[in-house]
1. Run down Tyr63, Tyr74 and say which single residue is within 24 Å of Phe148 (Cα to Cα), in a strand (DSSP E or B), aromatic (Phe, Trp, Tyr) and over 13 Å from the mean Cα position of the chain (by Cα).
2. If I filter region 199-212 down to residues being farther than 22 Å from Cys44 by Cα and of a type outside the set (Gly, Ala, Ser), which single residue comes out as surrounded by the most Cβ atoms within 10 Å (Cβ to Cβ)?
3. Would you confirm, using the coordinates I've provided, whether Lys100 is among the charged types (D, E, K, R), at pLDDT 85 or above and outside any strand (DSSP E or B)?
4. Every residue in region 70-81 that is surrounded by fewer than 22 Cβ atoms within 10 Å (Cβ to Cβ) and of a type in the set (A, V, I, L, M, F, W, C), please.
5. Could you give every pair whose Cβ atoms fall below 7 Å, whose first residue belongs to region 173-198 and is under 15 Å from Tyr156 (Cβ atoms) and touching a residue at least 40 places away in the same chain (Cβ under 8 Å), and whose second residue is buried (at least 18 other Cβ atoms within 10 Å of the Cβ) and polar (S, T, N, Q), counting only separations of at least 6 or pairs across chains?
6. With the requirement that a residue be without any contact (Cβ under 8 Å) to a residue 24 or more places away in the chain and outside any helix (DSSP H, G or I), what does region 199-231 give you?
Amino acid sequence: MSSNNDEYRLALITDPIDQDFISILSEYKISTDKDLVVPTDTMCYWMDDSIKIDFDVKVFGFYRNDEIIGLTQYFWSKVKIVLLDFVFIRESERNWNTLKIFKQLVLDHIESKVDYDFLVTEIVYKCDGKEPTSFTKMLLRSVKAFDFSEIQAPYYIPVEEPMEARLMIYNRPMRRTTINKITFLEIITVIYHKYYFDNVKPLIPVGLHQNLMGRLDRILTQIEQTTPDVITING
């Protein structure tokens, strides 16, 4: 139970056997609808500093006092596109105030540490035709309150069974009302080819790499064919 005297903070997680990390990942898998659970194995893999990559991955625990209550991960590369990839908060802590604090801490960190042109985040919207969960709706409301706007175009999280999602773009201070198709597809291409493909390929057999890239390109083609030349951004 939170109180006015609580202190909230982000803490960088660098050890895959960190007990707080293991605990909150377990909560995520238990409390999230199985159809909406995204793979988390790569979080542990990229914590190994000996692995050389051309993009940056950071995993942060979200703490209330000394207790971990949430987790987030983001990707960044020299192309200056940041993907806030993973957001989880313990079910009992899911309220407007906690989401507000969590988002503000994450944004403050990224804005002070990262040079970027675009900051985006994915929110799973529907899976197998199921309506959005109450937490999904709360996440959408909360990110919009923090100057993220919804790109009104098709988007899918490219897991094995693609999930219909909303791609949200951080819209401060420019206050875009539109984005052109070319820019939108460039952002998605970075997400799919670099942050997803390069993230996953070390954990699957080499013989499956071509199949994975083919699947990503098919989703990209589907999005390209159904996206207008100028896309509305809805705050």
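1. Just a single option satisfies the conditions, and that option is Tyr63.
2. Asn211
3. The answer is yes for Lys100.
4. Matches in region 70-81: Trp76, Val79.
5. Phe184/Thr227
6. Ile204, Pro205
Table: residues versus (1) of a type in the set (D, E, K, R); (2) closer than 18 Å to Ile89 by Cβ.
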| position | (1), (2) |
| --- | --- |
| Met138 | no, yes |
| Lys144 | yes, yes |
| Phe148 | no, yes |
| Ile151 | no, no |
| Pro154 | no, no |
| Pro158 | no, no |
| Ile169 | no, no |
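Residues checked against (1) on the phi < 0 side of the Ramachandran plot; (2) surrounded by fewer than 19 Cβ atoms within 10 Å (Cβ to Cβ); (3) among the hydroxyl-bearing types (Ser, Thr, Tyr); (4) more than 20 Å from the chain's Cα centre (by Cα):
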residue	(1), (2), (3), (4)
Leu140	yes, yes, no, no
Gln152	yes, yes, no, no
Glu164	yes, yes, no, no
Met168	yes, no, no, no
Arg176	yes, yes, no, yes
Ile182	yes, yes, no, yes
Glu186	yes, yes, no, no
Phe197	yes, yes, no, no
Gly214	yes, yes, no, yes
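The values are calculated or read from the model by the stated rules, or taken from the named source; none is laboratory data. Note that the coordinates shown come from a computational prediction; the quantities given were computed from them, not determined experimentally. Cβ sites come from the backbone with ideal geometry, for glycine too, and all protein chains shown count toward neighbours.
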